[in-house]
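Everything on this sheet refers to the single structure shown next.
Bear in mind these aren't lab numbers, they're just calculated from the coordinates by the rules spelled out. Nothing here was measured: the structure is a model prediction, and the numbers come from that model. Cβ atoms come from the backbone with ideal geometry, glycine included; neighbour counts cover every protein chain shown.
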Amino acid sequence: MDDAIIISNLNDYIFCPASIYFHNLYGSRSTITYQSADQINGTKAHETVDNNRYSTKKNIITALEVYSEQYNIVGKIDIYDADKKMLIERKRQIKTIYDGYVFQLYAQFFAMVEMGYDIQKLMFHSIVDNKNYSVPLPKDDNQMLVKFETVIRDMRAFSLDGFVQTNGEKCKRCIYEPACDRGLV
Ligand code: SF4
C-alpha cells in the first residue's frame, strides 16, 4: 500500500499533475492559508459527513475509509445508502460533471465492492441547487472505465521533472500558482 493513490488526488491530477505535488506539500498546513473560497466552501460541504453527523440511520454509512487492492487506491467515501445500494458524492455546486469527479466515484466504488458492499447506483448531489446526477456503473460505461484505468497508470508513471504546463488558463485559476515554478502566469 506504500505507493497507494489517494482518491482525492485523482481530480487534482486531471486538473494539473503538478498540483498534486503542491497539494501534498501544503497538505499538513492550515487550509485557510492556501485554499480558495470555492475549495473552502467545498470542504465545509463535506464537514457534516466527515464528522459523521449526516445521519444516525443504520442504513446510511458516511466518511468510511476505503481501500482497493486491485487499483491500490485509498480514501474516504461520502455517503453510502445500504437500502438503496447507492454510493453518493456530494459537492457544493455541480455545474459540470468532470471526468475527475467520476474517477473519484469509481475509485470509491471499486474499493467498496472489494470490501463486500453491494452498490447498484452511483450518484452526485449538488448541495446548493439540490440537484442529483446519476452516473452509470463502470461496467455500463466501458469508455469511462478505460479512461479511469489510464489515469491510474499515468499517475503511477508521472514524474514532475519532465512536466511542462501548456495551458496558462489553468494556472490563472490555480491556488498553487504563487509557489509553482511551472506556472504560466
Ligand atoms: S500553477 Fe499551473 S503548472 Fe503549477 S500547479 Fe497550478 S496549474 Fe499546474
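Being touching a strand residue (DSSP E or B) at 6+ places or on another chain (Cβ under 9 Å), under 26 Å from residue 65 (Cα atoms) and within 16 Å of the ligand (Cβ to nearest atom) narrows it down to one of 112, 155, 123, 144, so name that one. Write out each step before concluding.
Working: 112 fails: within 16 Å of the ligand (Cβ to nearest atom); 123 fails: within 16 Å of the ligand (Cβ to nearest atom); 144 fails: within 16 Å of the ligand (Cβ to nearest atom).
Result: 155 is the single residue among 112, 155, 123, 144 that is touching a strand residue (DSSP E or B) at 6+ places or on another chain (Cβ under 9 Å), under 26 Å from residue 65 (Cα atoms) and within 16 Å of the ligand (Cβ to nearest atom).
Select from the range 158-178 the residues that are more than 8 Å from the ligand (Cβ to nearest atom), of a type in the set (A, V, I, L, M, F, W, C) and either part of a helix (DSSP H, G or I) or in contact with a helix residue (DSSP H, G or I) (Cβ under 6 Å, 6 or more places away or on another chain) (or both) and list them in ascending order.
Selection gives 158, 160.
Taking the criterion of being of a type in the set (Val, Ile, Thr) and within 18 Å of residue 15 (Cβ to Cβ), would at least one residue in the range 107-115 satisfy it? Let's see the steps before the verdict.
Here is the first cut: in the range 107-115, the residues of a type in the set (Val, Ile, Thr) are 113.
Of the ones still in play, those that are also within 18 Å of residue 15 (Cβ to Cβ) are none.
No: the range 107-115 contains no residue that is of a type in the set (Val, Ile, Thr) and within 18 Å of residue 15 (Cβ to Cβ).
Find the residue count for the range 67-103, including only residues that are of a type in the set (A, V, I, L, M) and more than 16 Å from residue 119 (Cβ to Cβ).
Residues that pass the stated criteria total 3.
Quickly run through the range 99-113 and pick out the residues that are out of contact with any Pro (no Cβ under 6 Å at 6 or more places or on another chain) and either free of Cβ contacts under 8 Å to residues at least 24 places away in the same chain or not hydrophobic (A, V, I, L, M, F, W, C) (or both).
99, 100, 101, 104, 108, 113
Out of 152, 97, 88, 119, I need the residue that is surrounded by fewer than 17 Cβ atoms within 10 Å (Cβ to Cβ) and at negative phi. Which one?
Working: 152 fails: surrounded by fewer than 17 Cβ atoms within 10 Å (Cβ to Cβ); 88 fails: surrounded by fewer than 17 Cβ atoms within 10 Å (Cβ to Cβ); 119 fails: surrounded by fewer than 17 Cβ atoms within 10 Å (Cβ to Cβ).
Within the list 152, 97, 88, 119, the selection yields 97.
Going residue by residue through the range 63-78, is there one that turns out to be of a type outside the set (Ser, Thr, Tyr), surrounded by fewer than 17 Cβ atoms within 10 Å (Cβ to Cβ) and more than 23 Å from residue 5 (Cβ to Cβ)?
No: the range 63-78 contains no residue that is of a type outside the set (Ser, Thr, Tyr), surrounded by fewer than 17 Cβ atoms within 10 Å (Cβ to Cβ) and more than 23 Å from residue 5 (Cβ to Cβ).
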